[in-house]
Structure formats: C-alpha cells, structure tokens
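A short worksheet on the structure shown next.
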Amino acid sequence: MVNKRSRRVPDRFNRHQVGPDIWQRLTRLLACVAFLFSCLLVFSFFVPECEELNVLDARNAALQDRYEELCNAQQRKLEEERRTMNDPHYLEAFARDRLNLQLPGEIIFRIDDSRGKQ
C-alpha cells in the first residue's frame with residue numbers, strides 16, 4: 001500500500017511555487033486590464049460615430065420628407081399646366097395678350113412699368 005503522506009502535494013506556501021503563481025496571476029491581471037482598455041478604446045471610438053450616424057439618419061429622413069413634398073408640388077404644378085394648356089379660354093387669352101390682339105368692342109388697358117427698371 002501506498003502511504004498517503006509519501007505523495008508530494010504542492011504546498012501553497014512553498015517558496016519555489018509561490019513565485020511563478022504570483023507572476024501567473026499578475027500576467028492574467030495585466031491581460032484582463034489590457035483587454036478592458038482595448039474594449040474601452042473601441043467603445044470610445046464607436047460611440048461618437050453611432051451618435052453621428054443617428055443624427056445623419058434623422059437629417060436624411062427630414063430631407064426625404066422634403067423631397068417627397070417637392071415631388072408632389074411639382075406633380076401638382078405639371079398637372080395644372082397640362083390643364084391650362086388644354087383649356088381653350090386660357091389659350092385664347094394668352095394668345096391675344098402675346099399678339100396684342102383684341103376682340104371687336106374690347107378695350108385693353110396696358111400699364112407700362114418701365115419706371116422701376118433703370
């Protein structure tokens with residue numbers, strides 16, 4: 001039978017084993033600190049970028065809304081122009097104005113606004 005006392009159990013207070021154990025713990029602690037520092041560095045770099053991205057997203061949404069409003073206004077204007085160009089009364093009035101024509105018995109008053117332009 002083997003005597004249990006004859007086995008060598010590492011003693012925590014033995015000087016030969018205490019030295020490497022402290023260095024291993026310090027190395028692990030330094031690795032953890034380095035990892036946390038690198039995480040903090042990455043976090044501090046990406047947080048302002050994410051905030052700027054959120055601001056740009058909000059601005060993009062506002063510009064997209066404004067673009068849609070302008071497209072709708074342009075569509076309304078084109079529709080109005082299409083309706084006026086097909087209206088015979090509008091075309092008659094426009095042609096008489098441009099060609100300086102008048103209907104029989106019609107009196108035309110023109111106001112010359114050349115005083116404002118110099």
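Within the bounds of segment 89-111, is there any residue that is surrounded by fewer than 10 Cβ atoms within 10 Å (Cβ to Cβ), at pLDDT below 90 and among the β-branched types (Val, Ile, Thr)? There is at least one residue in segment 89-111 that is surrounded by fewer than 10 Cβ atoms within 10 Å (Cβ to Cβ), at pLDDT below 90 and among the β-branched types (Val, Ile, Thr). Hey, does segment 26-42 have a residue that's loosely packed, with under 10 Cβ neighbours inside 10 Å and either touching a helix residue (DSSP H, G or I) at 6+ places or on another chain (Cβ under 9 Å) or assigned to a helix (DSSP H, G or I) (or both)? No, that holds for no residue.
The values are calculated or read from the model by the stated rules, or taken from the named source; none is laboratory data. Owing to the predicted nature of the structure, the values given are computational and were not obtained by experimental measurement. Note: ideal-geometry Cβ built from the backbone for every residue, glycine included; neighbour counts use all protein chains shown.
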